[in-house]
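Heads up, the thing below is written out as structure tokens.
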Amino acid sequence: MLPIGEFSKLCEVSTKTLRYYDEIGLIHPDQINPENGYRYYSIGQLKRMLYINRLKSYHFSLDEIKEILAGEPGHSDEKLYTALHRKRREVQHKLDMYHHALNRMDQDILSLEKGIDVMSYLNRIEVQLVDRAPMHLLFIRRMMSREDYALGYGRYFSGLYEQIAKEKLTLVGTPMTIYHSSEYNPAGNDTEFALPVKERVIGTRDLEGGRCAKSVWKGSYSDLTSVYARLREWIEEEGYALSQSPYEIYVTDPNQATAAEHLVTEVYFPVSKKQIKNARYL
């Protein structure tokens, strides 16, 4: 048996952390002296503790680790295999975000060295006034948090494509997302995933046509907030008002794009001209 201090030293885990792991049921001491409360761990528990450390190094949460460790005999490897694949996707997504951030920082450093305002790129975002035809949409509408978006886009669009194949519908456009919330809420936003189709069946609806302010963005989806800001600024400058929920149309398939700069997204703000009230003079 190993006293908690020696067990702590071997595994490089503090005694405070070991006590907390005991509280949450992650790993319990093999023995506790009833007279003085000293905790002891068996040699066999070293392997479990090292396994926990390994999973922590993969950025699994303690709750996720508990779930993996609670696997039934004969199914634990299968559960671990699934969990590792899911976590690997999450880690890769974060790596891509860090890589993108590093590239942006390099660009900003270069701009500053040349005496260029790092926000001057907003002025290069072009805005057009266009007339959009009505569309008939097959859609799914959900409350989505920012963390849900990456997985949600794939899941819900895949479901819509499956429905099109199953019901033999005619696809007449590329995927689009409509954002209905009037303000941003980290807990969740009213988001509609849609595919334009020809037929009218259960699960479809009409999207009105009309005048829109439009911008085309070539680059990462994470930068689309800049496009939204520029469109909103343009609308105000030109005397228009937002008349319906804004939406995005994905011209390129993200699964086919080899780099973020190859992604092409069209952003539309449905607008109407502001009514000018007649001034009354005495």
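A few notes on this one:
- Residues that are touching a Gly at 6+ places or on another chain (Cβ under 8 Å) and surrounded by 14 or more Cβ atoms within 10 Å (Cβ to Cβ) do occur in region 50-73, at least one of them.
- Residue, surrounded by the most Cβ atoms within 10 Å (Cβ to Cβ), within region 262-281, restricted to residues that are outside any strand (DSSP E or B) and at pLDDT 80 or above: 263
- The set of residues in region 101-126 that are within 17 Å of residue 218 (Cβ to Cβ), surrounded by 11 or more Cβ atoms within 10 Å (Cβ to Cβ) and out of contact with any strand residue (DSSP E or B) (no Cβ under 7 Å at 6 or more places or on another chain) comprises 103, 104, 107, 121, 122.
- Residue check for residue 128: under 29 Å from residue 268 (Cα atoms) and at pLDDT below 95: no
- Leading residue by the ranking (farthest from residue 26 (Cα to Cα)) among those in region 70-88 that are assigned to a helix (DSSP H, G or I) and modelled with pLDDT under 90: 78
- A count restricted to region 243-261 and to residues that are buried (at least 16 other Cβ atoms within 10 Å of the Cβ) and over 21 Å from residue 157 (Cα atoms) stands at 1.
The values are calculated or read from the model by the stated rules, or taken from the named source; none is laboratory data. Just so it is clear, the structure is predicted and the values come from calculations on it, not from any experiment. Every residue, glycine as well, gets a Cβ built from its backbone with ideal geometry; the counts of neighbours run over all protein chains shown.
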